[in-house]
Amino acid sequence: MTVLLSAQGLTKSYGHRPLFAGLNFDLRAGERVGLIGPNGAGKSTLLRLLAAHEDADAGSRSVRRGARIGYLAQDDTFAPGLTVREILLAALADDPLEDHERETRTAITLTQVGFADDEQPAAALSGGWRKRLALARELVRKPDLLLLDEPTNHLDLPGVVWLERLLRAAPFGYLVATHDRAFLRAVADEIVEISRVYPGGSFRAAGGYDDFADKREEFLEAQARQQAAVANVVRRETEWLGHKARARTRKASSRIEDAAKRRDQLDELKYRTAQAGAAGIDFASTGRQTRKLLTATGLAKTLGSRSLFSNLDVTLTPGTKLGLLGPNGSGKSTLLRVLAGQLDSDTGTVARADGLRAVMFEQGRAALDQTQPLRKALCPNGDTVVFGDRSLHVAAWAQRFLFRPEQLNLEISALSGGEQARVRIAQLMLQPADLLLLDEPTNDLDIPALEVLEDSLSDFPGAVVLVSHDRELMDRVCTEVIGLDGRGGAASYGSVGQWLTACERVTAEAETAARAAATPAKKAPTAAPKTKKLSYKEQQEWDRMEDAILTAEAEVASCQADVEKAATAGQSVLVEACRALDHAQRAVEGLYARWQELEAKRSGS
């Protein structure tokens with residue numbers, strides 16, 4: 001495959017130690033690559049360098065002549081005052097296209113990402129729809145390679161599944177940075193991890209995430225054995241050189257130099273392996289054995305004139321692991337606050353066990369004081385904390401959450417999102433609890449931290465109520481889930497997958513009904529009196545255009561249904577269904593483009 005983008009010797013520093021140094025890799029046409037790495041490894045920085053939005057300290061970046069490189073940033077920014085249609089048209093301003101071609105491509109792309117109204121202002125969009133618009137802005141330019149930085153941020157679970165299918169059917173290659181393991185499994189055929197734990201700053205392996213994890217484990221085990229071997233050599237050399245000076249003079253100078261090099265090698269190995277740890281997350285339980293911790297009956301809550309949920313019953317006992325699912329805005333956070341006693345329900349009752357101790361992780365880590373030093377946030381009283389039956393100095397407690405001593409005096413606002421999440425988890429771990437109420441605790445956490453959090457929640461003997469877009473963690477931790485539909489309805493499901501299937505069925509039925517209702521009034525290109533500007537064959541093509549477009553759109557709908565059915569039928573079946581959908585969408589795009597050509601000729605424009 002043709003190399004589209006190449007990075008050679010990339011180096012970037014924000015301190016005395018570089019984020020990465022001498023990084024090399026190629027991205028080829030059609031490759032689907034996942035990019036992972038611990039918090040602070042420089043994934044976002046690397047993507048900005050590759051997209052030429054930032055300069056490297058050293059190294060080079062080269063792009064194949066004529067290749068289009070798209071870039072989807074974590075933060076979605078748009079020029080003020082523009083509609084979604086105007087934003088896409090502006091993205092095509094430098095393309096050598098006719099005006100009607102820009103309009104056609106814009107309309108097709110907005111439909112592809114789910115926009116029904118192209119005149120709505122971008123400023124009024126929710127976070128999930130802003131993400132879709134930012135993606136549409138890149139898709140409309142037809143990239144050969146797309147760089148995506150945490151594209152699942154702000155998307156709800158149905159939105160994440162939609163994005164998976166879009167990427168699998170995409171005609172372009174991509175490099176996608178994400179911590180979502182289920183998303184990685186769905187979209188990546190190869191994984192690159194950047195981390196200082198590796199000699200060259202990165203580790204790349206073909207295959208899905210699970211294959212990568214196995215190969216990474218083999219490499220790290222080999223590196224640990226190497227460190228042990230080098231440490232033994234250094235110990236022997238140190239003992240010898242530690243003898244009297246006369247003994248040292250009998251050693252060849254080259255042996256002395258080799259010993260120094262081995263010490264440097266050992267220091268480098270120790271530095272790298274120190275980066276491979278994960279935060280020590282372990283929530284403390286009170287050990288309470290009460291049969292029922294919380295019983296909620298007939299809960300209902302409205303927001304303005306919209307019902308979030310109604311007639312909802314929840315029972316929490318020790319060992320309950322309840323997941324809350326629903327599209328953005330469906331009331332998951334509101335329900336958590338009702339269960340926590342922070343918000344009253346409109347109707348219904350919540351009975352809590354006497355002296356129930358509940359702790360809550362707020363979405364966005366709102367409880368953190370952004371002006372507070374890290375030292376104070378981790379240890380509010382003095383220089384020690386008591387965790388379990390141990391007293392720990394603040395430096396040791398900070399190290400448990402992967403913070404370095406020099407970070408202790410930094411304000412919370414100077415920390416990354418993942419670091420702030422670890423601070424809030426550290427605070428909650430100091431509060432023994434019967435009930436954990438966790439609202440998006442996985443946001444910004446890297447994969448090692450997610451895996452430790454997963455184990456800690458599974459082992460927690462009390463009750464857990466969890467809101468998260470991380471399907472992997474939800475599936476492994478939750479024993480039951482409640483799905484909110486955002487229209488007042490709520491139901492119990494056996495798994496995240498079961499809920500997603502139900503959501504897709506409801507969505508497909510609604511879309512089918514909408515298409516059926518719109519078909520009689522559809523204003524597809526209508527036949528007009530013949531003019532001399534169209535040839536006989538072109539006029540015949542024009543007369544048949546309406547039926548051709550309706551037939552092609554029906555084929556797209558059929559292919560979309562096939563993709564939904566294939567989602568659980570295996571990767572090869574899903575890939576084939578996605579290819580058929582892509583082919584059908586291209587056929588519709590071609591018909592609309594041809595219609596624009598004939599229309600322009602008929603009107604003499």
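Some points to look at:
- Charge tally in the Cβ shell below 10 Å around Gln420, where Lys, Arg are +1 and Asp, Glu are -1, Gln420 excluded: +1
- Sorted largest first, extent of the stretch 131-217 alpha carbons per principal axis (Å): 39, 26, 21
- Panel note: the C-alpha atoms of the stretch 98-145, placed on their principal axes, show extents of 31, 26, 15 Å (largest first).
- In sequence order, the stretch 502-508 has phi-based couplings of 5, 4, 5, 5, 5, 5, 5 Hz under the Karplus curve 6.51 cos²θ - 1.76 cosθ + 1.60, θ = phi - 60°, and Gly or Pro positions carry x.
- Debye log10 I(q)/I(0) for the stretch 3-214, one point scatterer per Cα, at q = 0.16 Å⁻¹: -1.10
- Diffusion coefficient of the stretch 424-522 by Stokes-Einstein, Kirkwood radius over Cα pairs, 25 °C, 0.890 mPa s: 153 µm²/s.
- The stretch 409-437 and the stretch 4-47: distance between their alpha carbon centers, rounded to Å: 28
- Whole-percent pair-distance distribution, where bins are 10 Å wide, for the alpha carbons of the stretch 311-418: 11, 31, 27, 25, 6, 0
- Length-normalised contact order of the stretch 298-345 in % [C-alpha pairs under 8 Å, at least 6 apart]: 28
- 3J(HN,Hα) couplings calculated from phi for the stretch 468-482 with the Karplus curve 6.51 cos²θ - 1.76 cosθ + 1.60 (θ = phi - 60°) are, in sequence order, 7, 8, 7, 4, 4, 5, 4, 5, 7, 9, 6, 8, 7, 9, 10 Hz; Gly and Pro show x.
- Relative contact order computed over the stretch 1-92 (Cα-Cα under 8 Å; 6+ residues apart), in percent: 31
- Bridging of Lys332 to aspartates and glutamates at a Cα separation below 17 Å is possible for Asp156, Asp313, Asp344, Asp346, Glu362, Asp439, Glu440, Asp470, Glu480, Asp485, once same-chain residues fewer than 8 apart are set aside.
- For the stretch 1-72, projected area of the alpha-carbon convex hull averaged over all directions, nm²: 5.1
- Over the stretch 294-498, relative contact order from alpha-carbon pairs under 8 Å, at least 6 apart, %: 32
- Sorted ascending by nearby beta carbons within 10 Å, beginning with the fewest, Thr320, Thr384, Thr371 become Thr371, Thr384, Thr320.
- If you wrap the Cα atoms of the stretch 353-402 in a convex hull and average its projected area over all directions, you get 5.2 nm².
- Proxy reagent accessibility, fewest Cβ within 10 Å first, across Asp117, Asp180: Asp117, Asp180
- Protection proxy ranking of 356-365, 147-156 - average other beta-carbon atoms within 10 Å, highest first: 147-156, 356-365
- Cβ-based net charge around Arg337, under 15 Å, with every Lys or Arg adding one and every Asp or Glu removing one: -2
- When only alpha carbons are used to place a centre, the stretch 292-312 and the stretch 440-516 end up 18 Å from one another.
- Across the stretch 311-317, rounded Karplus estimates of 3J(HN,Hα) from the backbone phi angles (6.51 cos²θ - 1.76 cosθ + 1.60, θ = phi - 60°) give 6, 9, 10, 9, 10, 10, 10 Hz, Gly and Pro being marked x.
Each value in this text was obtained by applying a stated rule to the coordinates, not by laboratory testing. Here the structure is a predicted model, which is why all the values come from computation and not from measurement. As a convention, Cβ positions derive from the backbone with ideal geometry for all residues, glycine included, and neighbour counts pool all protein chains shown.
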